[in-house]
Structure formats: C-alpha cells, structure tokens
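To start, the structure itself, in structure tokens.
Read-outs throughout are calculated quantities, based only on the coordinates presented, and are distinct from any laboratory measurement. Owing to the predicted nature of the structure, the values given are computational and were not obtained by experimental measurement. Please note: Cβ atoms are built from the backbone with ideal geometry, for glycine as well, and neighbour counts cover all protein chains shown.
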Amino acid sequence: MLAPDMVDLSPGARAAFVAIWLLGQSALVLTAGRRADAAFGFRMFSESTTMTITLSREVRAPTGEGTVLVPVEDGRWVARDRDGLPHRFAWNDRVLDPVVGTLGLTMHAAYGGAAQLERLQAALDDVATHVPEDADTHALVADVVLQKNGREPQNLRLTSAPRTLPSGR
Amino acid sequence: MKKAMGFLRDQGATHVLGVVRVGLGVLLFWEGLEDAQELMAHGYFGDHFHWPYLPEAWVPSRSVYVAILALQLLAAALVTVGHLARPALFFAGSSLVYLLACDRLHYHHHVYALACYAFLLAFSPCERSLAITSDGQDDGAIGPLWAIRLAQLQVSIVYLASGGSKLFDADWRDGLVLLDRLVRYGDQAVAKGVPQRVVAFFQHAGTASALAKLTIATELFLAVGLWLPRTRVAALFIGVWFHLAIEVTSKVGYFSWLTILVYALFATHDVRARTFFFDPSHPRGALSARAVRALDWLGRFQVKAWEPDELARAHHVVVVRRDGTRATGLRALAMVARCTPLLFPFWGPLALAASFTKGGDASAHS
C-alpha cells in the first residue's frame, strides 16, 4: 500500500488531478451511448426491457443433408464426442449470469436490451468454445423475445460462431 | 478562473470527512463480503463465462483474485477504523475499478460510484477524525478540502448523467419506461400491502408521464441545487426522499445509502458552530441534550447546560444558530432535524410547521 503522504498532492498536482478526473468522467459519460451497457456512464434505469431466451443446438440433419435445430430442454443436452461416447452438457456450467444464464423465463434486462443481447452473443460464443467433447453441435442458437418499454415484443435470433467439427458430423 | 482555482487551497474542519470515511468503510466491507460470498458459492469468476473490458491476460488468476478480495476486506476494515485509511481507500477504489474492468457482467453503477468516492476521499484528510489512533480531540482538525469539492462534483456528474440521459430519451420523457415498470411490478406492490387503488393510479399513463418529468427535473435540480447556498438544504431534503423512494421501490444495491452518505460532504465544513442550550433541571431538557449528543454525528452542536434566564425559563431548550439568532420550541426542533442525519428526513415538514409559529424564534443575538 501507499504511504499516507503519497496521497497528499501539491497545489499544481491537485490542479492536474482535478482536470484529469473531470475530463475522464466527462468522456465516460458522453461516450456511454457507444457502449451497449453504457457502463461507467451512470444512466440509471435507462429502459424497462424484458427478455426471454430459448436455447437450441444446430446439429446435422438425420438425412445427412444440412442442419436442423434441436431444442435444449432445461439448458441441458447430451452430445457425442469424436469417438461416439455420450457426454452431458449444461448452459449453466459456464453461464452463471442471472439474466443470460436464465432460459425459458422472462427476465428484466438489466442495463437494457442491447446490453443483454451483446452479453448473450458473447455467452453463446463462450459456451461454443468450451464444449470440446461435443462433436455434434455445429452452433448454439438463442431465440430471444425482447420487449422494450412496453412496446410490441421483438423476436430475435442469435447464433454462436460456427464450431469446427470432425468430418462426417 | 481565480475563484475556481481557489478551491484547490480551500481548508476546513475534517470532522465530516471522518463520518463519511467510516460509512464508506462499512460499504466497502459489505461489497467485499458480497464478492467473497459469490466466490464461495459459485467459485472463481474466471472459471465461468466472463467478459472483460481489459485484455484476458490482465484478468487475475484465481489465487491473485482471492488475494485482492482479502486485501479489499482488510482495506475496508482499515478505512472504517481510520488507521492507514487513505492508502486503504486508494487501494479499495482502484482495485474495485480494476475488478469491474475484468468482467463487465459484474458492472454495477453502485460499485463504480463507491469506487469513485473511495478513491477521491483518499486524497482528503479524512483520517484526522474518528480514527482509532486519534486522541478523541479531533474537533479542531483542519485540512485541505479540494478532493472533497471534487467528490461533490462527482455527485453532480452522476445526477447530470442520469437526468440528462433521461431528458434526451423520448421514451423516458413520455413516461413509457416508468409506466412499463409500474405495470410490471404493480402486483408485487399490492402483495406488499400497497392499496390496489394507489397502484392503479400510478399505472395510469398520465401519472407515469408526470412522474417521469418530475424524476428528470429532480435529478437535474439536484445536480445544481446542492451547490447553491439558498437551495442546498432543500436539495438535500428532496434528494434524501428521492433516494429513499428509489430504495423502497427498486433494487439498486447500496446506491441510495451511498448517495445519502456522500450528501454529508455538502455540510458546511465547520464543527460545533451552533449551540444547543438545555435546562438541566428539567427532565425534558436533559433528555433532549442526551438525544442531540447521540444524534449529532456531523458535530454541528455544542451541547451546554443553560443557566435559566427570562427567555430560557419558558423553554427546556434553546438553539443558538451559526449567525447568533436563537430558536426555541418547534423552530429549535426543526433546527436539530436540519443538522442531524437521522432526523433530517423530517426537517421539511418540521420547518414548514415552524414557519407558521409566531413564537419560537427569539431572533436575539446571544
């Protein structure tokens, strides 16, 4: 830790500190709109938005042609690895966040819908890269019902970055 | 410009800084405990989905994270007791911002605000009062207040940012944001005992629109009103009730308590500039003196036994204001409420009632 006298500033240093602090805070506040979560910008209660997330997996179609979406029930699924052995996976093994970690229930989108959509996209990408034993899932897909400020609900679909699977899967 | 730069050399009594420091220490400890509980319940955040603003390589390992949490708790304790408080505040504020930057999922306005105020208070002489190592004679301690002025500016920045963003948002101005919240959470309010008719009134579009405009006006008024001597006390009173209302109706962490705590920084930085005289021969006078001593956390009053004279004979207590004028009865009570944090929420109605009283303001200089 610092010695107490290290936080005593000379008048010149005080002026510089004040200027830097005010410029920094002003910049953070004025640029908050450029960040989906408006972090460090003190935009309290910026919206009243709810979101409901339904998770699916994109897997190879049984016909062998293209892919189909398979619903993920209760955030859990079973998939086979390269050797054909089954493994259990769960969304909440990785995602503990109370909003994007909650599937099938309508949640208040804290810090706004854009913030939660951005976080959900990041969560999809994160989970998709942390299930190496899943050799079945081409991508994770989230269908989102977003209702902002009491308006008509919007239906949106987010897809994780495509996964590289063993050939033939 | 000269006047603006003058605040860099501004000096004042440090008693209130000690009070705010103790409060921040408690909140910092609370924050540290919450993080420690999350660590115990869910494990190290880096083992799960997290999303840093910083490069991933800058995110602390599990052992470093545990060490930071332990140091934060230690720093909070040091801040509270006033030993090495300023370096501890510096560390607490800096490390909170660092951890927020390590995972945006953990970003919360109240944590960032706490970090800002802790960091700024580190540059003030806040350890000169209410410190475990002080000799208890800290009433006369004087020190530079420039960092406190900056913390006060930070309060205004928060209100300007919050009120300004709402003002420029059509949904907010029109009341759509508030209306949707009032509609969605109306059932919860009824379940907590709020009458259905009251809830229905607030769920009306016109009411929500008016409330939205009132909220924006309140936040923008507070950003300015806290600085003007003529409006400061009214702004503090409105602000306290504004935050208490938010605390009751919303989940904002400890933001309301934090803001009410830093409101103390707007108190005039002097000590015991008013005198509370009481009649020691009367139980009500002695009881009032004990109450004022117990509630006077900001050190506003000298509490003295009164040798009854013509004026005091008719009263159990007499308050001598900073300007030398005297107040008794309801006016004295309003004066005490104005100066004591726990009674301050009642100052408005007391002052209003006192303004209708004919007596009570002796207006004689002591």
Taking the convex hull of the Cα atoms, report for the protein assembly as shown its projected area averaged over all directions, in nm².
30.8
If R0 is 22 Å, what FRET efficiency do you get for B:A77 and B:L244 from their C-beta distance, rounded to 0.05?
0.20
Could you list B:Y98, B:Y112 in order of exposure, starting from the residue whose Cβ has the fewest other Cβ atoms within 10 Å?
B:Y98, B:Y112
Simple spin-label estimate for A:E152 and A:V70 in nanometres, 7 Å along Cα-Cβ
3.5
Normalising by the residue count of segment B:12-144, find the relative contact order in percent from Cα pairs under 8 Å and 6+ residues apart.
39
Quick one: angle between helix B:146-167 and the longest Cα principal axis of chain B, in degrees between 0 and 90, rounded to 10, please.
70
Structure-based [θ]222 nm, the protein assembly as shown - -39500 (n - 2.57) summed over DSSP H runs of at least 4, per residue, nearest 500:
-15000 deg cm²/dmol
Would you be so kind as to identify which of B:Y159, B:C116, B:T340 lies farthest towards the positive end of the dipole of chain B, taking Lys and Arg as +1 and Asp and Glu as -1 on Cβ and the Cα centre as origin?
B:T340
Count, for each residue of B:51-64, the Cβ atoms from other chains sitting within 10 Å of its Cβ, then give me the mean as a whole number.
1
Going by a ≥ b ≥ c, the root eigenvalues of the Cα gyration tensor, does segment B:115-200 fall in the rounded group (a/c under 1.5), the prolate group (a/b larger than b/c) or the oblate group?
oblate
Size of the dipole of segment B:12-144 about the Cα centre, Lys and Arg at +1 and Asp and Glu at -1 on the beta carbon, nothing else charged, in debye to 20?
200
re chain B: pairs of Cα atoms spaced beyond 38 Å account for a percent value of 29
Take the Cβ-Cβ distance between B:A291 and A:R34 as r, set R0 to 56 Å, and report the resulting FRET efficiency rounded to the nearest 0.05.
0.60
Proportion of all alpha-carbon pairs of segment B:1-71 beyond 15 Å (%)
70
Take the Cα radius of gyration of segment B:194-337 and divide it by 2.2 N^0.38 Å, with N its residue count; two decimals is plenty.
1.37
Principal axes first, then extents: for the Cα atoms of segment B:12-144, list largest minus smallest coordinate on each axis, whole Å, largest first.
52, 24, 21
Ranked by Cβ crowding within 10 angstrom, fewest neighbours first, how are B:C102, B:C339 ordered?
B:C102, B:C339
Restricted to chain B, the DSSP antiparallel beta bridge percent, nearest 5, is 70
Restricting to bridges with both residues inside segment B:274-355, how much of the DSSP beta-bridge set is antiparallel, in percent to the nearest 5?
60
Label segment B:274-355 by shape, choosing from rounded, prolate and oblate, from the square roots a ≥ b ≥ c of the eigenvalues of the Cα gyration tensor; if a/c is under 1.5 it is rounded, and otherwise prolate applies when a/b is larger than b/c, oblate when it is not.
prolate
With an 8 Å Cα cut-off and a minimum separation of 6 or more residues, compute the relative contact order for segment A:49-159 in percent.
37
List the relative contact order of segment B:1-78 as a percent without decimals, with contacts defined as Cα pairs under 8 Å and 6+ residues apart.
46
Cα extents of segment B:159-266 along the three principal axes, largest first, in whole Å?
41, 30, 23
Farthest toward positive dipole pole in the protein assembly as shown [+1 Lys/Arg, -1 Asp/Glu at C-beta], among B:S250, B:F45, A:G104
B:S250
Normalised per residue, the volume of the convex hull around the Cα set of segment A:20-169 (Å³)
132
Among B:Y44, B:Y254, B:Y159, what is the fewest-to-most ranking by other Cβ atoms within 10 Å?
B:Y44, B:Y254, B:Y159
Could you size up the charge dipole of segment B:274-355 around its Cα centre, putting +1 on the beta carbon of Lys and Arg and -1 on that of Asp and Glu, and report it in debye to the nearest 20?
220
Compute the helix-to-body angle for B:85-102: its Cα long axis versus the longest principal axis of chain B, expressed 0 to 90° and rounded to tens.
40
Once both axes come from the Cα atoms, what is the angle between helix A:113-128 and the longest principal axis of chain A, in degrees from 0 to 90, rounded to 10?
50
